[in-house]
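All of the numbers you see were taken from the coordinates with simple rules; none came from a lab. Only a predicted model underlies this, so the values are computations on that prediction, with no experimental measurement involved. Cβ placement follows ideal geometry from the backbone for every residue including glycine, while neighbour counts extend to all protein chains displayed.
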């Protein structure tokens, strides 16, 4: 246990100090993108991984987060720190409606309904003039510093994204270890058995969804503060919903660090293919990206962590077999 | 005057709804037979549109003339896709099934953009261009021909399913895979057939649509959402259900657009969809 703690602390120091080593702005930006993708992947994992409800509409929460803090800032001058909290709270409350309309559905039906909800929210924001309509909103660049979360340089965004990721991971650990975590695992694997021993399935799915929505919305607020520009097409897109679930699935669905691993791999691939092939403007990067998604889904259904575990298990079984062979007379 | 507008709207809604039905029939067949939701279904339709477009642009062959060829190409494509990709995930967890077909969707869009550029294209002056006056209302001839074509293809699929040995085998596999296998039906052959027919239906819809709808790599995006709605309303796996639900969705869409403005027509369809999912998850016709 002490060894794990030491490794964890060392890793923390390394990631905290990374922006002093990586000074190239585009590389630093890649790191920030990885952290942000990891954070929403971890948030998605709460409902998609631990509760087993595959949502393909989480961009709704991300966009609502981005729009809530931005609208409060632009229309009422509210500080983005408070705006972020308000964004999380708004998304958590709206997740009640999301859950109410989707939770009686299972499997594919649930997934399709979540797509429909997100699409609906996007249509509303695209046509809502108060919120900038299809044009979107531009955030003012009139402050610089931690008080208003606007920075001229990239490094603070790195630490901000890192803190948010650690916060989301901490929340996941708390859920994992609490009775909620056990109930979620029960309702994911054996919904009928869970119900028969008296677990209110819908209630615990709802708790997982509200937490997931809260942290997804914080991610959306951070995006708005970093980009200083949001529009419906960028924060409500289906592609974004897919990305959140994809990082979790690629890394290992329902595992603590799976989404982080998935985000590192996926974001790197995405940016690399874009840098190498994106210049042609013909979508070569998209083709490679999609081919990888298919390959992962077909060959590694349990994600990279799952693949690693089964590889280790096989190796152990092999060495155990070797030992027993040697022991045999 | 208002009655005319309403009549006109209803008629055009029904005609486009027949196309939605045709796209959805392929989707519902694949789902019914092997419990996989094909997110790339709109892209099959897109491929059908491009097939019509290129045969028209390069060889001056009319989309109506090349319809059988397009259907055949998409059928082959569907079978090959099953053979080389989908077959591997028949028993995989739902997540990997969703992401395989989702990846296919992005892949096909990317390939279309790579090969044919993201430009909007259209087929001008095909055999069926122009309008037709029917009493008080005026309808585009391409739309009418597409509607009739969609009915014809739907009937052909229906007849195949209910009147041939292969069709019965397919239905048997959909009803109970294990029992069908015990009767000597090769499930993999049936799955391949379902993908072939499913893709062919979407391809036919694309060909029929190509004479009056812009052709571009992302054209499938809206159609797949509409097809989901249709399939859910009609009941998953039901061809007849998809047919009537398709017409209904077409009508809801145009009436919603007429009442609230065209930017909200999709929203109206989605609200109806969610409402039905909540109160009748088994579809409008299904039994509880």
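In units of 2.2 N^0.38 Å, what is the alpha-carbon radius of gyration of region B:67-123?
1.38
Considering only C-alpha atoms, what is the centroid distance from region A:3-72 to region B:170-192, in Å? Using only Cα atoms, the two centres lie 45 Å from each other. Of the residues B:185, B:144, B:224, the one that moves most in a GNM of chain B with alpha-carbon contacts below 10 Å is B:185. I'd like the distance separating the alpha-carbon centroids of region A:196-232 and region B:125-148, in whole Å. Measuring centre to centre over Cα atoms gives 49 Å. Comparing Cα centroids, region B:195-229 and region A:238-310 end up 27 angstrom apart.
In µm²/s, what is D for region B:63-188 at 20 °C and 1.002 mPa s, where D = kT/(6 pi eta Rh) by Stokes-Einstein and Rh is the Kirkwood radius from Cα pairs? Mind showing how you got there, number by number?
Working: Rh = 18.6 Å.
Estimated via Stokes-Einstein, D reaches 115 µm²/s.
Overall shape: oblate for region B:192-253, with the ratio a/c of the largest to smallest alpha carbon gyration tensor axis at 1.5 or above and b/c at least equal to a/b.
In chain A, the longest principal axis of the Cα atoms and the axis of helix A:238-251 are about 30 degrees apart.
Considering only the protein assembly as shown, what is the antiparallel percent among its DSSP beta bridges, to the nearest 5? Kindly include the intermediate steps, with their values, before the conclusion.
Details: 8 of 8 bridges.
Rounded to the nearest five, the antiparallel share is 100 percent.
Note on residue A:26 and residue B:158: with the Förster distance fixed at 56 Å, the Cβ-Cβ geometry gives a FRET efficiency of about 0.45. When the alpha carbon gyration tensor of region B:1-81 is reduced to an equivalent ellipsoid, its three semi-axes come out at 28, 22, 9 angstrom, largest first. Between residue B:271 and residue A:309, the modelled label-to-label distance comes to 4.5 nm, taking each label 7 Å out from Cα in the direction of the beta carbon.
With neighbour counts taken as other beta-carbon atoms within 10 Å, the residues A:268, A:238 rank, fewest first, as A:268, A:238. Other protein chain C-beta atoms within 10 Å of residue C-beta, averaged over B:104-117: 5. Taking the C-alpha atoms only, the angle from helix A:107-126 to the longest principal axis of chain A is near 20 degrees.
Ordering A:312, A:195 by the number of other Cβ atoms within 10 Å of each residue's own Cβ, fewest first, gives A:312, A:195. With bins 5 Å wide beginning at 0, the percent of Cα pairs of region A:223-264 falling in each bin runs 6, 24, 20, 17, 18, 13, 3.
Which whole number of Å³ per residue matches the convex hull of the alpha-carbon atoms in region A:197-320?
On the way: hull volume 20.5 nm³, N = 124.
Given the Cα convex hull of region A:197-320, per-residue volume reads 165 Å³.
Would you mind ranking A:141, A:112 so that the residue whose beta carbon has the fewest other beta carbons within 10 Å leads the list?
Values: A:141 11, A:112 24.
With the fewest neighbours first, A:141, A:112 line up as A:141, A:112.
Relative intensity of the protein assembly as shown on a log10 scale, I(q)/I(0) at q = 0.11 Å⁻¹, equals -1.13, per a Debye sum over C-alpha point scatterers of equal strength in the absence of solvent. On a per residue basis, the convex hull of the C-alpha atoms belonging to region B:131-288 measures out at 146 Å³.
In region A:8-153, the C-alpha radius of gyration followed by the widest Cα-Cα span (Dmax) gives 18.0, 50 angstrom. Just checking the listed ones, B:192, B:245, B:60: in the Gaussian network model of chain B with Cα springs under 10 Å, the one fluctuating most is B:60.
Taking Cα pairs under 8 Å and at least six residues apart, what relative contact order does region A:2-110 come out at, in percent?
RCO, region A:2-110: 19 percent.
If R0 is 60 Å, what FRET efficiency do you get for residue A:197 and residue B:2 from their C-beta distance, rounded to 0.05?
Numbers: r = 60 Å, r/R0 = 1.00.
Calculated transfer efficiency: 0.50.
For the options B:164, B:154, B:28, a Gaussian network treatment of chain B with springs between C-alpha atoms closer than 10 Å singles out B:164 as fluctuating the most.
For a Förster distance of 22 Å, can you work out the FRET efficiency between the beta-carbons of residue A:189 and residue A:318, rounded to the nearest 0.05? Walk me through the numbers before you get to the answer.
Working: r = 29 Å, r/R0 = 1.33.
So, using R0 = 22 Å, E works out to roughly 0.15.
The C-alpha atoms of chain A occupy a region whose extents along the principal axes are 81, 52, 45 Å, arranged from largest to smallest. Contact order for region A:30-269, expressed relative to its length and based on alpha carbon pairs under 8 Å spaced 6+ residues apart, stands at 44 percent. Considered as an equivalent ellipsoid built on the Cα gyration tensor, region B:10-133 has semi-axes of 29, 18, 13 Å, the largest given first. Projected over every direction and averaged, the convex hull enclosing the alpha-carbon atoms of chain B yields 15.9 nm². To the nearest ten degrees, helix B:141-163 and the longest principal axis of the Cα atoms of chain B are 20 degrees apart.
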